[in-house]
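*Asks:* If you scroll down you'll find the structure; I have some questions about it.
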Amino acid sequence: MEDKNKKYVNEPWWKKEFKDGWWKEVSWIHPQDTEPSGVSLFIDYMLDKAIITPDAVKIASWIPHRLILLEIVHPLKGTERLSFMISPTSVTPGIPDVTPDVIVTYDYYDLAKFLIGREKDFTMSFWKGHSRIYGNLTALIDLADILEVALGKKIDEAKEARIKTWPVGYP
Amino acid sequence: MSGPLKKGKLPKELTSQMEATAAASQYLRQAVKNMRDFIPLEKQRRIYKDLEKMFGVDPLNLIDEKMYMRKGFNQSAAIMKNKELGRLIALDRFIPMYDPSVSEPIGHQQLFPYKISGTDEIVSGNSLHCFNNVAMQQLFDDVRRTTILNLDVPHKVIQVRASKEVTPETIDHFLKTLQHTIAGGTVSLDQFADINPELTRDAYCKIITGNDELRELIDNRFSIDINAGFHKSRAEKLKHAIGDTIHLVVRAPTILVRALDNSVAFKWAGIQSTLAFIVAYRLTKDSNLADISYATQYANTIALGEPTWQSLGGHYNSIAGIPFGYIADMCQGDSQLPLRPFMEITNEDPKLSREYLKKSIGCVGVIAPILTNFWDGYQLSGGANILDNVVIDTFTGGIFDDFIDIMNDMMNKYFSRIVKIGMNLMPTRWYNLRWPVENMVNIVMETMEKYPSAMETLKLGIQKMYIIGLVAGIMASLLSGSSTAGLWAIDYAISLLVKEGWCRTGTTGYEIINQLGLPYSCSLRIEEGGLPELRGMNNFHQIHSIGSAVPRIAVLYAAALARGDAWVSSPLIKVVFNDPHLSFDFKDPISAIIKGTKGEFKPKGES
């Protein structure tokens, strides 16, 4: 018999996966009392994980110049913007001065899930429809390669995962 | 900057100009280097190999080394043969006839042959004209001479009104009588004239039912065997959908639609079935003939095509009246492949998913363009030979197939990852589908710009839009399983993406269709669209141009393929065209067309 007193609440998926204080358990996030902003989360990851991984630096050197505008959308706090440049690499909060190759609109908790290693595929959020991109898909694949290799993926695996038409370094 | 240069430090304006020039040169050098780096990659593509065979030179070559050295129409053996034939006919009848020398000089243009994609066949453009290729005409005839009648209503009338018993034996007798009447035989009075059976040898009828027990009780020569024609997984779904109902498929003789009109096939099916009922059940002395006649001819009769609007004069079974979903259901290429959602297949094995695409989209890419060409290439426009060369772009030169290769690779490497989280389809939201479509269309446009030979093959804007619309629509439908999303993608790609990239689209109203198409793609109002599966060419904004219907048919098939459905809009139509007795091969249409190019195809309706 159905319980008529039961309340049906459409709880967002991230509330189950991200308990309060989740960021305190991650070693590379700078200690803080409140949930880190999307920009600080990404910059911490780049400084403390990606840049110190030799393979990630190596694969970044093969990729042509890319300018990526990353929009991190927090379901409660709104949108933050971050300009990410590859070859040479730089990460700057805010929007870039020139037209980026691609604008990536990423869900905050999907990004956090990837950066802390619970999801191995950076692009999964796009395929399942949580996040979206506007512009050159190869630039997104390049970004995914750098970030995934920093998380432990082998360079050969990254090469094999690309379609034949767009090998690493394809403009 | 103005005035002569002076000694000392160069002015800032000049240095900044020099820096900009140096940066541009560096960019250009990098671009050239990249191009050299990626040429080996290009050489592996199907488009490179096929176009190299068609043109006999490097298809990426920007320079035509034989320019001004060709001999106009003399370079084509097919045209020269026609010229000689035209001369002989003119001498015979004393009136000038076919003579290519009256046409505009073609100058340096190469008259290239066509390579059929996926085969080694190289054929002349002339042999792919629908009047020269009898296989194409047979396809057209096989469709418009088909009518479906439901037998349950007349059976009920015979039982209730005429108090006669209907049993498997009487049905057998009725079907045997009907084979005689459909072939033009008389049953009511001996003194009437009969048609010579040699002229109507391709006329026959068969029944369809989803009930295996019932089918086994009836002579198996008179039924379409769903179990034999389809893979088990498909057959189960089709039989369940059709159920215990008995449908009669009538193929009127080809001579009927040739000598008169396709609407006669519809009427022929009704009247000959009524006569067969009267004779088989001995109803001549009963007072309920009108009931039997109505029940057989009109109560539940399915014409493939509805009449078109009045000014165009298309009647029943007209190609323009056939819903796009029906045309998609005629394609039988993948009938023997197991039924599964496309994402699952591509996640498992890219070669297998390419096989699915070859047999499904590849089959639609042959049948749909040829059929619709008869309407918008001839009945609508009056006929212009260039239109025949437009529709064959889906199965010649390897261009369309190459884009399908890339799409398959993309699906396998990227999009099919959603299978791991239990999804088979991407959400049907425009912002989720727009960027895959944009990237796929960018690949198509880049390829066309990179390959001068592809531009030469798809020389008209209309041809480029035809291919781009197809690729965009199929991509969106394969990802989402939604035919409406496919329509969004077609219209978005042509009316916005291509216009942004190339500033223009095709000629003859292509922009009108797609700009109207954007708001109309979601409309269910009849004058604006309706359900994508039930739309057709009998609609003012769908048919302005040749080939514009083909992407709208292909997206329906792609959506069904993505969902893992056994049919697109009608299980009946799917089964009706899975008949080994049909003259045209709906399972392997390209082989029939190749036979037609060589004069090896034997049409059954012309003895």
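The values are calculated or read from the model by the stated rules, or taken from the named source; none is laboratory data. Note that this is a predicted model, so its numbers are computed, not measured. Positions of Cβ are generated from backbone atoms using ideal geometry, with glycine treated the same way; all protein chains shown enter the neighbour counts. When the accessible area is computed, the model is the full protein with side chains, heavy atoms only, and any ligands, DNA or RNA have been set aside. Shrake-Rupley method; radii C 1.70, N 1.55, O 1.52, S 1.80 Å.
*Asks:* Which net charge results when you count Lys and Arg as +1 and Asp and Glu as -1 among the other residues whose beta-carbon is under 12 Å from that of B:Gly72?
*Replies:* Numbers: positive: B:Arg70, B:Lys71, B:Lys83; negative: B:Glu104.
Net of charged neighbours comes to +2.
*Asks:* Once amide H atoms are placed 1.01 Å from N in the peptide plane, what residues at a sequence separation of 5 or more from B:Asn317, or on another chain, have their amide H within under 5 Å of its amide H?
*Replies:* The list, which skips near neighbours in sequence, is B:Leu304, B:Gly305, B:Glu306.
*Asks:* Of B:Leu531, A:Asn136, A:Tyr109, which is farthest on the positive side of the dipole of the protein assembly as shown, counting Cα position, with +1 on Lys and Arg Cβ, -1 on Asp and Glu Cβ, and the Cα centre as origin?
*Replies:* Projecting each Cα onto the dipole axis, the largest value belongs to A:Asn136.
*Asks:* Sort out the exposed loop chymotrypsin sites (Phe, Trp or Tyr not before Pro) in chain B (DSSP loop, at most 16 other Cβ within 10 Å) and tell me the longest stretch that has none. Numbers along the way, then the final one.
*Replies:* Details: sites that count: B:Tyr68, B:Phe94, B:Tyr98, B:Phe131, B:Phe192, B:Trp309, B:Phe540.
The segment B:310-539 is the longest one with no such site.
*Asks:* Another question about this same structure. Taking K and R as +1 and D and E as -1, what net charge do the other residues with C-beta under 14 Å from the C-beta of B:Arg234 add up to?
*Replies:* +3
*Asks:* Mind checking which lysines have their C-alpha under 19 Å from B:Lys413, skipping anything on the same chain fewer than 8 residues away?
*Replies:* A:Lys120, A:Lys128, A:Lys153, A:Lys154, A:Lys159, A:Lys164, B:Lys351, B:Lys358
*Asks:* Going through the range A:9-107, which trypsin sites (Lys or Arg not before Pro) have at most 13 other Cβ atoms within 10 Å and a DSSP loop state?
*Replies:* Sparse-neighbourhood loop trypsin sites (Lys or Arg not before Pro): A:Lys19, A:Lys77.
*Asks:* In Å², and per residue, what accessible area does the protein assembly as shown have when probed at 1.4 Å with the other protein chains present? Spell out each step's value before the answer.
*Replies:* Numbers: 35450 Å² over 778 residues.
Roughly 46 Å² per residue, with all protein chains present.
*Asks:* Determine the percent antiparallel among the DSSP beta bridges restricted to chain B, to the nearest 5.
*Replies:* Taking every DSSP beta bridge with both residues in chain B, the antiparallel ones total about 95 percent.
*Asks:* A further question follows. Counting only the heavy atoms of the protein chains, how much of A:Val168 is accessible to a 1.4 Å probe, in Å² to the nearest 10?
*Replies:* 30
*Asks:* I need the phi-derived Karplus couplings for the range B:374-380: 6.51 cos²θ - 1.76 cosθ + 1.60, θ = phi - 60°, integer Hz, Gly and Pro marked x.
*Replies:* Coupling constants for the range B:374-380: 5, 7, 7, x, 10, 5, 8 Hz.
*Asks:* Using a Förster radius of 45 Å, what is the FRET efficiency between B:Glu446 and B:Ser523 based on their Cβ-Cβ separation? Nearest 0.05, please. List each step's numbers first, then the result.
*Replies:* Values: r = 33 Å, r/R0 = 0.74.
The computed FRET efficiency comes out at 0.85.
*Asks:* Add -39500 (n - 2.57) for each DSSP H run of 4 or more in chain A, then divide by its residues: what number comes out at 222 nm, to the nearest 500 deg cm²/dmol? Before the final figure, lay out each step's value.
*Replies:* Details: 7 runs with 54 residues, N = 171.
So the helix-based figure for chain A works out to -8500 deg cm²/dmol.
*Asks:* Starting from the Cα of B:Asp588, step 7 Å along the direction of its Cβ; do the same at B:Arg340; then give the gap between the two resulting points in nm.
*Replies:* 2.4
*Asks:* While we're looking at this one, here's another question. Separation between the A:Ile155 and B:Leu217 pseudo-spin-labels, each 7 Å from Cα along Cα→Cβ, expressed in nm?
*Replies:* In this crude label model, A:Ile155 to B:Leu217 measures out at 7.4 nm.
*Asks:* Please list, ordered by chain and number, the residues whose modelled amide H lies under 5 Å from the amide H of B:Ile246; skip anything fewer than 5 residues away on the same chain.
*Replies:* Long-range HN contacts for B:Ile246: B:Leu151, B:Asp152.
*Asks:* Write out the GluC sites (Glu not before Pro) in the range B:134-220 meeting two conditions: DSSP loop, and at most 16 other Cβ atoms within 10 Å of their Cβ.
*Replies:* Values: sites: B:Glu165, B:Glu169, B:Glu198, B:Glu213, B:Glu216; in loops: B:Glu165.
When the GluC sites (Glu not before Pro) of the range B:134-220 are filtered for loop state and at most 16 Cβ neighbours within 10 Å, B:Glu165 remain.
*Asks:* What are the residues whose amide H is under 5 Å from the amide H of A:Gly135, where those residues sit 5 or more places off or on another chain and H is modelled from the backbone?
*Replies:* Amide H neighbours of A:Gly135, under 5 Å, 5+ apart: A:Ile103.
*Asks:* Which value at 222 nm does chain B reach when only helices count, each DSSP H run of 4 or more adding -39,500 (n - 2.57), with the total divided by all residues and rounded to the nearest 500 deg cm²/dmol?
*Replies:* -15500 deg cm²/dmol
*Asks:* Which of rounded, prolate or oblate describes the protein assembly as shown when judged by the alpha-carbon gyration tensor and an a/c cut-off of 1.5? Before the final figure, lay out each step's value.
*Replies:* Numbers: a/c = 2.77, a/b = 1.51, b/c = 1.83.
Taking the square roots of the gyration eigenvalues as a ≥ b ≥ c, the protein assembly as shown is oblate.
*Asks:* To the nearest hundred square angstrom, how large is the accessible surface buried between A and B, total for both chains, probe 1.4 angstrom? All intermediate terms of the calculation are to be shown ahead of the outcome.
*Replies:* On the way: alone 9890 and 28020 Å², together 35450 Å².
Between A and B, the summed buried area is about 2500 Å².
*Asks:* Continuing with the same structure: With just the Cα atoms defining each centre, how far is the range B:148-166 from the range A:61-93? Give it in Å.
*Replies:* 72
*Asks:* Separate question: Can you give the longest run of chain A that contains no chymotrypsin sites (Phe, Trp or Tyr not before Pro) sitting in a DSSP loop with at most 14 other Cβ atoms inside 10 Å? Provide the component values of the computation, followed by the final result.
*Replies:* Values: sites that count: A:Tyr8, A:Trp28.
Counting at most 14 other Cβ atoms within 10 Å as exposed, the longest clean stretch of chain A is A:29-171.
*Asks:* Let me ask you something else. If you plug each phi of the range B:327-333 into the Karplus form 6.51 cos²θ - 1.76 cosθ + 1.60 with θ = phi - 60°, what whole-Hz ³J(HN,Hα) values come out, in order, with x for Gly and Pro?
*Replies:* 4, 5, 5, 5, 6, 10, x
*Asks:* Here is a further query. Need the full-extension length gain, B:Val57 to B:Ala77, defined as separation in residues times 0.36 nm minus the C-alpha distance. One decimal, nm. Write out the running numbers ahead of the final one.
*Replies:* Working: separation 20, 0.36 × 20 = 7.20 nm, distance 1.98 nm.
That works out to 5.2 nm of additional length.
*Asks:* Express in nm, to one decimal, how much length is gained between B:Thr119 and B:His240 on full extension, taking 0.36 nm for each residue of separation and deducting their alpha carbon distance. Could you put the intermediate results ahead of the total?
*Replies:* Details: separation 121, 0.36 × 121 = 43.56 nm, distance 3.75 nm.
Result: 39.8 nm gained on full extension.
*Asks:* Additional query: Along the Cα→Cβ direction, 7 angstrom out, place labels at B:Phe192 and B:Tyr294. What is the inter-label distance in nm?
*Replies:* Distance between the two pseudo-spin positions: 2.2 nm.
*Asks:* For a quick check of your reading of the filter: which trypsin sites (Lys or Arg not before Pro) in the range B:374-433 sit in a DSSP loop and have no more than 13 other Cβ atoms within 10 Å? Let's see the in-between values first.
*Replies:* Values: sites: B:Lys413, B:Arg417, B:Lys420, B:Arg429; in loops: B:Arg429.
Within the range B:374-433, the qualifying trypsin sites (Lys or Arg not before Pro) (loop, at most 13 other Cβ atoms within 10 Å) are B:Arg429.
*Asks:* If you don't mind, another one. Could you look at chain B and say what percent of its accessible area is carbon and sulfur, using a 1.4 Å probe and all protein chains? Intermediate results must be reported in sequence, preceding the final value.
*Replies:* Values: 14840 of 26770 Å².
Using a 1.4 Å probe with all protein chains present, chain B comes out at 55 percent carbon and sulfur.
*Asks:* On a full-extension model of 0.36 nm per residue, what is the gain between B:His129 and B:Ser16, subtracting their alpha-carbon distance, rounded to one decimal in nm? The partial results should precede the final answer.
*Replies:* Details: separation 113, 0.36 × 113 = 40.68 nm, distance 5.90 nm.
Contour length minus the Cα-Cα distance gives 34.8 nm.
*Asks:* With the Cα gyration tensor of the range B:557-607 giving a ≥ b ≥ c as the square roots of its eigenvalues, does the rule (a/c under 1.5 for rounded; else a/b larger than b/c for prolate; else oblate) give rounded, prolate or oblate?
*Replies:* Values: a/c = 4.47, a/b = 1.96, b/c = 2.28.
Since a/c reaches 1.5 but b/c is at least a/b, the shape of the range B:557-607 is classed as oblate.
*Asks:* May I ask for the distance between the Cα centers of the range B:285-356 and the range B:535-607, given as a whole number of Å?
*Replies:* Each part's Cα centre sits 9 Å from the other's.
*Asks:* Right, something else. Would you mind checking the range B:121-136 for residues with the amide N under 17 Å from a putative spin-label position 7 Å along Cα→C-beta of B:Met97?
*Replies:* Label zone hits: B:132.
*Asks:* Count the net charge of all other residues whose Cβ sits under 14 Å from the Cβ of B:Glu449, scoring Lys and Arg as +1 and Asp and Glu as -1.
*Replies:* Numbers: positive: B:Lys450, B:Lys464; negative: B:Glu42, B:Glu446, B:Glu456.
My count for the surroundings of B:Glu449 gives -1.
*Asks:* Moving on to the next point. Per residue of B:42-48, how many C-beta atoms from partner chains lie within 10 Å of its own C-beta, taken as a mean? Could you put the intermediate results ahead of the total?
*Replies:* Values: counts 1, 0, 2, 2, 0, 0, 0.
Mean partner shielding for this stretch: 1.
*Asks:* Related question: Looking at the square roots a ≥ b ≥ c of the eigenvalues of the Cα gyration tensor of the range B:127-228, which shape do they give, rounded for a/c under 1.5, prolate if a/b is larger than b/c, or oblate?
*Replies:* On the way: a/c = 2.53, a/b = 1.45, b/c = 1.74.
Oblate.
*Asks:* Calculate one ³J(HN,Hα) per residue across the range A:129-137 by plugging θ = phi - 60° into the Karplus curve 6.51 cos²θ - 1.76 cosθ + 1.60, and present them in order as whole Hz with x for glycine and proline.
*Replies:* Each residue of the range A:129-137 in turn: x, 7, 10, 9, 10, 9, x, 7, 5 Hz.
*Asks:* Where the centroid of each part is defined by its Cα atoms, how far is the range B:243-265 from the range A:138-161 in Å?
*Replies:* Here the two parts' Cα centres lie 59 Å apart.
*Asks:* Roughly what % antiparallel, to the nearest 5, for the DSSP beta bridges in the range A:36-153?
*Replies:* On the way: 17 of 23 bridges.
Once the DSSP bridges in the range A:36-153 are tallied, antiparallel ones form about 75 percent.
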